[in-house]
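Contents: one structure, followed by commentary.
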Amino acid sequence: MPDIRLEGLTRRFGAATAVDDVSMVFAEGTVTCLLGPSGCGKTTLMRMIAGLEVPTAGRIRFGGRDVTGLSARQRGVAMVFQYPVMYRTLTVAENIGLPLARDRGLSAAQRCARVDEVLDVLNLSAQRDERISGLDMGARQKVAVGRAIARRCDVVLFDEPTTNVEVHAKLQLIRAFKEFRRRIRQTVVYVTHDQTEAMTLADQIALMQAGVLSQCAAPRVLYDQPDSEFGGWFLGSPGMNFLDPVGEDGGRVRFAGIARAVAVPEGGMAGLRAGIRPEYVRVFSQASAGRVAGRVTGNCITIGGQHLLTLSVDGAELKAKVPPGGGMVPGSAAYVECPAANVMLFRNGQRLFEPSVSWSSPLR
Ligand SMILES: Nc1ncnc2c1ncn2[C@@H]1O[C@H](COP(=O)(O)OP(=O)(O)O)[C@@H](O)[C@H]1O
Ligand SMILES: [Mg+2]
């Protein structure tokens with residue numbers, strides 16, 4: 001089973017650059033999610049890996065073999081698209097078995113066993129003899145997944161397979177996906193704009209922004225250690241808060257909502273911002289050292305058993321996720337603490353990695 005290596009992969013359409021100089025590795029047998037907002041180049045990147053789109057520049061290697069000039073068929077990859085293409089008058093089992101008919105190395109009995117295994121993995125055995133035309137989108141998409149994995153290609157590519165599927169069927173599809181991963185090892189590239197899906201399915205997430213690979217890391221690392229403001233903002237619901245400096249004194253800077261100051265990093269104040277995720281912001285009804293006074297401004301929305309508060313502190317807007325029952329309503333006075341350990345510094349959108357970042361004791 002090969003890994004996939006991209007080297008300086010670029011695709012331009014006229015003056016527009018859809019994919020811009022992407023270099024990365026998809027380790028063999030792992031799932032990589034290409035994640036990013038609509039139009040950031042995910043599909044174009046996937047189509048180049050598939051051999052459906054010709055790169056303007058760069059190379060693609062499967063396990064050391066340069067496949068850049070090979071057709072889709074020569075590369076031996078299977079694909080699942082957003083809109084499944086299927087034979088509506090054939091049954092579920094017939095659709096899954098169809099691509100296997102071309103494989104002359106397989107006997108009829110082997111083909112049949114392969115189809116049965118896939119039906120079992122995807123929990124489709126009960127529908128094996130139903131026609132596609134009678135199935136809902138969720139079941140159809142499962143069949144499309146089944147057809148792609150039945151071929152046992154080394155590489156399987158998925159382009160937003162759950163986008164047109166209703167919520168319940170979507171969860172089923174994700175469960176089926178995890179089950180097939182457990183039973184059949186293939187190198188998988190999975191395109192999605194849905195961060196929850198990426199966090200659930202991926203061994204590594206490749207986060208894209210405007211054609212550029214922003215960061216590639218394990219889901220938890222990407223979430224906890226974003227190396228750009230974009231990563232902090234795109235992951236999380238809502239994403240990270242970003243706070244501007246509100247004062248500089250004696251070589252130290254303080255940011256809105258944060259009671260401590262930090263030594264001004266090398267390079268000065270230009271483009272400097274602090275970031276903290278809403279779940280780390282602590283909100284109290286009493287003043288105390290280390291807390292900055294503010295006010296609740298936004299309605300409290302409950303997400304997954306937690307309250308989301310919108311606060312105003314030092315003239316900045318801050319979101320906080322807090323346990324319910326704190327008695328905070330719009331208009332309430334609120335005292336905010338941003339623990340120094342959870343605050344990151346960014347300059348011009350890029351994370352500053354400074355082992356020496358040391359925060360003062362509370363100034364307020
Ligand atoms: N065949 C094409 N011709 C011209 N522009 C294209 C073509 N395919 C994609 N693009 C452009 O490239 C950019 C990336 O598109 P795409 O890869 O589909 O993004 P995503 O899948 O992340 O939504 C978009 O601006 C899109 O309009
Ligand atoms: Mg797309």
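Placing pseudo-labels 7 Å out from each Cα toward the beta carbon at Leu363 and Arg152 gives an inter-label distance of 6.6 nm.
Distance between the modelled labels on Arg185 and Tyr280, one decimal in nanometres: 3.6 nm (7 Å Cα→Cβ projection).
Farthest toward the positive end of the dipole of region 148-218, out of Thr187, Ile205, Val167, is the Cα of Thr187, where the dipole comes from beta carbon charges about the Cα centre. The Cα trace of region 4-227 gives Rg and Dmax of 17.5, 53 Å, the first to one decimal, the second as a whole number. Region 234-284 and region 112-162 have Cα centres spaced 49 Å apart. Largest mean-square fluctuation among Pro245, Pro330, Pro278, in a Gaussian network model of the chain whose springs join Cα atoms under 10 Å apart, belongs to Pro330. Placing +1 on the Cβ of every Lys and Arg and -1 on the Cβ of every Asp and Glu, with nothing else charged, gives the chain a dipole about its Cα centre of roughly 720 debye. Here each label is just a point 7 Å from Cα along the line to Cβ, and for Gln225 and Gln74 those points are 4.0 nm apart.
Taking a point 7 Å from the Cα of Ser133 along the Cα-to-Cβ direction, the residues of region 68-92 with backbone N closer than 13 Å to it are 87-91.
Between the beta carbons of Glu354 and Lys178, assuming R0 = 41 Å, the FRET efficiency works out to 0.60 to the nearest 0.05. Available extension along the chain between Ser125 and Leu98 is 8.0 nm, counting 0.36 nm per residue and deducting the alpha carbon span. For region 93-151, the set of trypsin sites (Lys or Arg not before Pro) satisfying both a DSSP loop assignment and a count of at most 10 other C-beta atoms within 10 Å is given as Arg102, Arg104. Evaluated at q = 0.20 Å⁻¹, the base-10 log of the normalised Debye intensity for region 214-298, with identical point scatterers placed on the Cα atoms, takes the values -1.06. In the context of the full set of protein chains, residues of region 92-218 present 44 Å² of accessible surface per residue (probe radius 1.4 Å, heavy atoms only). Past the 24 angstrom mark, what percentage of all C-alpha to C-alpha distances in region 241-351 do you count? For region 241-351, the fraction of Cα-Cα distances above 24 Å is 24 percent.
Run through every distinct alpha carbon pair of region 67-173 and return the Kirkwood hydrodynamic radius in angstroms, one decimal place. Please list the in-between numbers first.
Values: mean 1/r = 0.0702 Å⁻¹.
By the Kirkwood definition, the hydrodynamic radius is 14.2 Å.
The values are calculated or read from the model by the stated rules, or taken from the named source; none is laboratory data. Just so it is clear, the model here is predicted, and its values are computed rather than measured. Neighbour counts are summed over all protein chains in view; Cβ atoms, including those assigned to glycine, are modelled from backbone coordinates with ideal geometry. Accessible surface is based on the protein model in full, side chains and every heavy atom, while ligands, DNA and RNA are left aside. Shrake-Rupley method; radii C 1.70, N 1.55, O 1.52, S 1.80 Å.
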